[in-house]
Amino acid sequence: MAVRACGLIIYRRLQSAPSSKVTDRIEYLLLQTSYGTHHWTPPKGHVDPGEDDLQTAFRETQEEAGLQASQLTLIEGYKKELHYPVRGKPKTVIYWLAEMKDCNTEIKLSEEHQAFQWLKLEDACKFAEYEDMQATLKEAHQFLCSKE
C-alpha cells in the first residue's frame, strides 16, 4: 500500500508596473524541512483517517504555514499526482494549486520547518532539488500562464 500525502502549491502575485508580464510577478511558497536533508517543498502531509485528499492539503497548509483555507483561492482545473519511492516504499503525493488572496499574509511555520521563501519559478526550481517537483512547478506555472 502506497503512502499517500497531499498538499498545495501556493503562489502570490506581486503588485508591480503595469508593463511587466504577469508571469514575472508570480512567486511560489516553499518550506524548508527542519529534519533530514532540509529539503524544500510546498506544504504537504499524510492523509489522516476519515479525511479526503483536499481536506488533507488544506489542513497541512494550515499546520505547516499557518494559512487558513479562507486566505487562499483554489485554482480550478489543476491537480498533479506524483509517484516516487521513499525508503523503498511507494509514495503518492497529490498537489492542487492555490493563490494567496493577500500577498502580504504572514507565514507561520510549525516545528516541521525551519525556513520559508517566496520564489520566482526559476529560483523555486533550484530550491526544489527533486526533478519531479521542478517539473510540477513548471507545469503549474504554464497552467497559470495559459489562463492569463
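Residues in segment 28-41 that are assigned to a loop (DSSP other than H, G, I, E, B) and either surrounded by 14 or more Cβ atoms within 10 Å (Cβ to Cβ) or modelled with pLDDT of 95 or more (or both): 39 alone.
Residue 135 fails exactly one of the following numbered conditions: (1) touching a residue at least 12 places away in the same chain (Cβ under 8 Å); (2) open to solvent by less than 80 Å² (accessible area, probe 1.4 Å); (3) part of a helix (DSSP H, G or I). What is the number of that condition? All conditions are met except number (1).
Of the numbered criteria (1) closer than 21 Å to residue 14 by Cβ; (2) acidic (Asp, Glu); (3) in a loop (DSSP other than H, G, I, E, B), the one residue 122 fails is (3). In the set (1) within 22 Å of residue 24 (Cα to Cα); (2) in contact (Cβ under 8 Å) with a residue 24 or more places away in the chain, residue 108 fails one condition alone, (1).
State the number of residues belonging to segment 74-95 that are at positive phi and either part of a strand (DSSP E or B) or surrounded by 16 or more Cβ atoms within 10 Å (Cβ to Cβ) (or both). Summing the residues that are at positive phi and either part of a strand (DSSP E or B) or surrounded by 16 or more Cβ atoms within 10 Å (Cβ to Cβ) (or both) in segment 74-95 gives 1.
Report yes if residue 98 is on the phi < 0 side of the Ramachandran plot, small (Gly, Ala, Ser), touching a Phe, Trp or Tyr at 6+ places or on another chain (Cβ under 8 Å) and not in a strand (DSSP E or B), otherwise no. No: the conditions fail for residue 98. Does segment 10-23 contain at least one residue that is over 11 Å from the mean Cα position of the chain (by Cα), touching a residue at least 12 places away in the same chain (Cβ under 8 Å) and closer than 17 Å to residue 128 by Cα? No, because not a single residue in segment 10-23 is over 11 Å from the mean Cα position of the chain (by Cα), touching a residue at least 12 places away in the same chain (Cβ under 8 Å) and closer than 17 Å to residue 128 by Cα. May I ask you to verify whether residue 124 is in contact (Cβ under 8 Å) with a residue 24 or more places away in the chain and under 15 Å from the mean Cα position of the chain (by Cα)? Against the criterion (in contact (Cβ under 8 Å) with a residue 24 or more places away in the chain and under 15 Å from the mean Cα position of the chain (by Cα)), residue 124 qualifies.
Against the test of being in contact with a Pro (Cβ under 9 Å, 6 or more places away or on another chain) and acidic (Asp, Glu), the options 139, 63 yield a single qualifying residue, 63.
Tell me, which residue of segment 42-73 that is of a type in the set (A, V, I, L, M) and either open to solvent by 50 Å² or more (accessible area, probe 1.4 Å) or part of a helix (DSSP H, G or I) (or both) is nearest to residue 127 (Cα to Cα)? Ranking the qualifying residues of segment 42-73, first place goes to 65.
The values are calculated or read from the model by the stated rules, or taken from the named source; none is laboratory data. Everything quoted here is computed from the prediction, not taken from an experiment. Heads up, the Cβs are rebuilt from the backbone with ideal geometry, glycines too, and the neighbour counts pull from every protein chain shown. Side chains are part of the model used for accessible areas, which takes the heavy atoms of the whole protein and leaves out ligands, DNA and RNA. Shrake-Rupley method; radii C 1.70, N 1.55, O 1.52, S 1.80 Å.
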